[in-house]
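> I have a structure here, written as structure tokens, and I will follow up with some questions on it.
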Amino acid sequence: MLRALALLRATEQVAMPQSTPSLRSLFPAPLHTAPRELLAGIRLLATDIDGTMTHDGRLDPGILPALLRLESVGIEVMPVTGRPAGEALGLARYLPTIRRAVAENGATLVSPDLPVRWLGQQPDRARLLAVAEQLGRAGRPWTLAPDAFCRLADIAWLREDRTDAELEPLRALATAHGVHLIWSSVHIHLADSPPDKGAAVQQIAAELGYAAHEIATIGDAPNDVGLWHSGRFGLTVGTAQVLDQLEVLEYKPMWVTSHGAAGWLELANQLCAARG
């Protein structure tokens, strides 16, 4: 029922009243209903990559000119990804306007020509692998992610076609073993400390001089839940994929866009229009 109501809400483009926070916490409003003054105050966009800026596993062609437009209106874009530090460094080095990226679900910060900075604790990889072996016995065998060789803070496996309903019991089992499991649209992650993209963004943004109300976040999957944490940021956005996942999200975005990269571009265009 929750999914049906959320889909109805997005289809009808009806915004929940601002005076009903309990309802707004359950149902993100269509982004086009966001107040212009809220959008105009944004100076930092913290964004997930996979499923949010990508289409069929590749960056959407419209992303590059959008990055330049965002910079032209005074908005910095900072990728915040579950991908490994080595891969995130490539994004920070070669994407236009990008100066830094948060990797491995908030555990590390990478910037070109600077040492990797730890934002979380360094992992006990042997223990994580041992727990993963036990979790594998509770369900289908896991396939280690091909990018595992350049990960520092966590271990990731391919999500393949596992559903949220299949992954929820594994998350509870991992917690019982003293580790933390979360998933994105492409990976299942195990880490020693709770993955929290949002806490990493808060820390870096404060050091850079951004106030909370000047920060927008966007993501598409359960590993982005820290980006939607209530009260942390001025504008929290989910792509339309979140409407199928509301029941497994501890925190929900305030606003919802269309699907995937089209939704990211929708946000970018509205931010540029509000500030321009």
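The values are calculated or read from the model by the stated rules, or taken from the named source; none is laboratory data. Quantities reported herein were computed from a predicted structural model and do not represent experimental measurements. Heads up, the Cβs are rebuilt from the backbone with ideal geometry, glycines too, and the neighbour counts pull from every protein chain shown.
> Give the residues of region 59-81 that are modelled with pLDDT of 95 or more and of a type in the set (D, E, K, R), sorted by residue number.
R69, E71, E76
> Restricting attention to region 38-59, which residues are part of a loop (DSSP other than H, G, I, E, B) and surrounded by fewer than 17 Cβ atoms within 10 Å (Cβ to Cβ)?
D56, G57
> Being within 29 Å of E266 (Cα to Cα), modelled with pLDDT of 95 or more, under 18 Å from the mean Cα position of the chain (by Cα) and basic (K, R) is the requirement here; does R36 meet it?
Criteria not met by R36.
> Please count how many residues of region 68-91 are surrounded by 21 or more Cβ atoms within 10 Å (Cβ to Cβ) and in a helix (DSSP H, G or I).
Here the count works out to 4.
> On to the next question. Output the residue which, of all residues in region 155-166 that are in a helix (DSSP H, G or I) and in contact (Cβ under 8 Å) with a residue 24 or more places away in the chain, is farthest from L249 (Cα to Cα).
Result: E166.
> Taking region 131-149, which residues are part of a helix (DSSP H, G or I) and more than 18 Å from P194 (Cα to Cα)? Explain how you work it out, then say what you get.
If we filter region 131-149 for residues that are part of a helix (DSSP H, G or I), which is where we start, we get 131-137, 146-149.
Passing the criteria: E133, Q134, G136, R137, P146, D147, A148, F149.
> Right, another one. Looking for something basic (K, R) and farther than 24 Å from I49 by Cβ - is there at least one such residue anywhere in region 167-180?
No; the residues of region 167-180 include none that is basic (K, R) and farther than 24 Å from I49 by Cβ.
> Turning to a different aspect of this structure: Would you mind telling me which numbered condition in (1) outside any helix (DSSP H, G or I); (2) in the same structural domain as M53 (by TED's automatic domain parsing) L152 fails?
(2)
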